[in-house]
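Below is one structure, written out as structure tokens; the observations come after it.
Computed from the coordinates by the stated procedures, all read-outs in this text should not be read as laboratory data. Quick caveat, the model's predicted, so the values are computed rather than measured. Because the Cβ atoms are built from the backbone with ideal geometry, glycine has one as well, and the counts that use them run over all protein chains shown.
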Amino acid sequence: MSASKAYRRLEPYNTEHVHVIPLYDLKEHIPYPECWCHPTADDEEYPEILMHHAADGREAFEDGTRVPS
Ligand SMILES: [Zn+2]
């Protein structure tokens, strides 16, 4: 897990999951698995960490699948 400043960790209303939510996204996220972005577990080792997906696609840059041109 990178320490990117573009994300914050939210401790939600239950302790089942830790949500990693993009800051200043185009749409507000809710710290639930039912969020519109369909958050996914980021790492098989840490299935309790749910990674939310930014509406602006920023994460594609962070994981190296896209590079800024
Ligand atoms: Zn979300």
| request: Starting from the Cα of ILE30, step 7 Å along the direction of its Cβ; do the same at TYR46; then give the gap between the two resulting points in nm. | output: 2.5 nm
| request: Taking amide H positions as placed in the peptide plane 1.01 Å from N, state which residues far from TYR7 in sequence (5 or more) or on other chains have amide H under 5 Å from it. | output: LEU23
| query | Highest mean first, what order results for 37-48, 19-30 on Cβ atoms within 10 Å? | reply | 19-30, 37-48
